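Quick note: the coordinates plus some simple rules give every number you see, no bench work behind them. These numbers were taken from a predicted model, which means no experiment stands behind them. Here the Cβ positions follow ideal geometry from the backbone for every residue, glycine too, while neighbour counts run over all protein chains shown.
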Amino acid sequence: MSGLVVQKSIAGRWNAKQGNVWKVPGPGCALKMKELQSLREALRSIPDPRTAKGRQYPLWTVLCVVALGLLSGCVHLSEIVRLGQRLSQAQRRGLGFRMRKNSRFYPAPGYTLPNKAIRLLYSQRFT
């Protein structure tokens with residue numbers, strides 16, 4: 001790619017600049033709503049091995065956040081979780097997040113849920 005400039009930021013992360021646009025990995029979601037919904041539908045087919053009791057987020061919603069993080073260039077789970085928390089309410093709704101009761105707020109999962117979901121799927125896959 002011509003015109004691509006790569007430099008290390010003050011925080012120690014690599015940023016790429018093409019033209020006048022800086023592409024910093026992990027700060028937000030660059031996908032459009034139709035793309036988010038397409039990702040949601042693709043991940044919805046993965047069966048959820050968890051029991052229904054106490055399940056606050058569908059598995060495919062958590063996997064959507066993980067996939068978005070990886071597509072955005074996040075390398076650590078904490079960066080992926082931060083990206084999920086930075087999603088707008090419209091993006092969360094588009095991904096299928098559930099609305100909190102008695103409000104219009106779509107909460108994002110914290111650190112432990114994506115971590116447990118990845119471990120659960122990994123153990124299901126390789127046992």
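With contacts taken as Cα pairs under 8 Å and at least 6 residues apart, region 25-125 reaches a relative contact order of 32 percent. Sparse packing (at most 11 other Cβ atoms within 10 Å of the Cβ) combined with a DSSP loop state is found for the following trypsin sites (Lys or Arg not before Pro) in region 65-127: R100, K101, R104. Sorted largest first, the spans of the alpha carbon positions of region 25-125 along the three principal axes are 35, 31, 23 Å.
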